[in-house]
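The structure appears right after this line, and notes come after that.
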Amino acid sequence: MKLVVGLGNPGRKYRQTRHNVGFVVAEKLAPAIGACGAKVKFEGELAEGGYQGEKVLLLCPHTYMNASGRSVRKAVDFYKIAVEDVLVVCDDLNLESGRIRLRPGGSAGGQKGVADIIRHLETESFPRLRIGIGRPPNGWDAADYVLGKLSGDEASEIDLATTVAGDAALCWVAQGVEDAMNRYNRLRSDP
């Protein structure tokens, strides 16, 4: 069993923001795994499906980004999922916009949702799939930037990146983190 966690903030106010790319990836993954109808569970939305013989759970915590760990911990404990079978999908200020990067573990890298998951799971040893949103322009506060709405070319670029990230998540489910890293840790425009 695999658990894919899309990070973001609940509510209409946060739709189409840079911080909600994890939710977008989960939404795009749902049809690919045959999930229909999410349930309110574990302080979030949970959908179940399957891919290439593997049961797949999609979780979008509704605890707000900085408290995501509480929701993830509840799901992990309930289903008794090993941490290496939990993939966290989130935005990353330190990656150029549109780039994706998959890693088998490591630090939070400044991402507060990932930091909270590390705190609740008491380990850094879970895979994470980061989607680059780029650095804020000079003079912008980072919080205002990540909560800002995507528009124009940036929205198109992130739409493509979230689609590719969904493919990377499916590759992770079916073939593991190493194969997914080798295939998807590159600019989204590469062939």
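For the condition out of contact with any strand residue (DSSP E or B) (no Cβ under 9 Å at 6 or more places or on another chain) and not aromatic (Phe, Trp, Tyr), what is the one hit in LYS2, LYS13, LYS55?
When all the criteria are applied, what remains is LYS13.
Any idea how many residues of the range 26-84 are in a helix (DSSP H, G or I), farther than 26 Å from GLU124 by Cα and of a type in the set (Val, Ile, Thr)?
0
Just name the residue that is surrounded by the most Cβ atoms within 10 Å (Cβ to Cβ) out of those in the range 116-152 that are hydrophobic (A, V, I, L, M, F, W, C), in contact (Cβ under 8 Å) with a residue 12 or more places away in the chain and in a helix (DSSP H, G or I).
Out of the qualifying residues, it is ILE117.
Taking the range 44-69 as the region of interest, how many residues are open to solvent by 70 Å² or more (accessible area, probe 1.4 Å) and in contact with a helix residue (DSSP H, G or I) (Cβ under 6 Å, 6 or more places away or on another chain)?
2
Among the residues of the range 73-115, count how many are more than 12 Å from the chain's Cα centre (by Cα) and open to solvent by less than 20 Å² (accessible area, probe 1.4 Å).
6
Determine, yes or no, whether SER97 is at pLDDT below 95 and within 27 Å of ARG135 (Cα to Cα). Walk me through how you get there before you give the answer.
On the way: at pLDDT below 95: yes; within 27 Å of ARG135 (Cα to Cα): yes.
When the stated conditions are applied, SER97 passes them.
With the requirement that a residue be surrounded by fewer than 19 Cβ atoms within 10 Å (Cβ to Cβ) and at pLDDT 95 or above, what does the range 14-26 give you?
TYR14
Considering only the range 165-172, I want to know if a residue exists there that is open to solvent by 10 Å² or more (accessible area, probe 1.4 Å), assigned to a helix (DSSP H, G or I) and in contact (Cβ under 8 Å) with a residue 40 or more places away in the chain.
Yes, the range 165-172 contains a residue that is open to solvent by 10 Å² or more (accessible area, probe 1.4 Å), assigned to a helix (DSSP H, G or I) and in contact (Cβ under 8 Å) with a residue 40 or more places away in the chain.
The values are calculated or read from the model by the stated rules, or taken from the named source; none is laboratory data. Note that this is a predicted model, so its numbers are computed, not measured. Cβ sites come from the backbone with ideal geometry, for glycine too, and all protein chains shown count toward neighbours. For accessibility, only protein heavy atoms count, side chains too; no ligands or nucleic acids. Shrake-Rupley method; radii C 1.70, N 1.55, O 1.52, S 1.80 Å.
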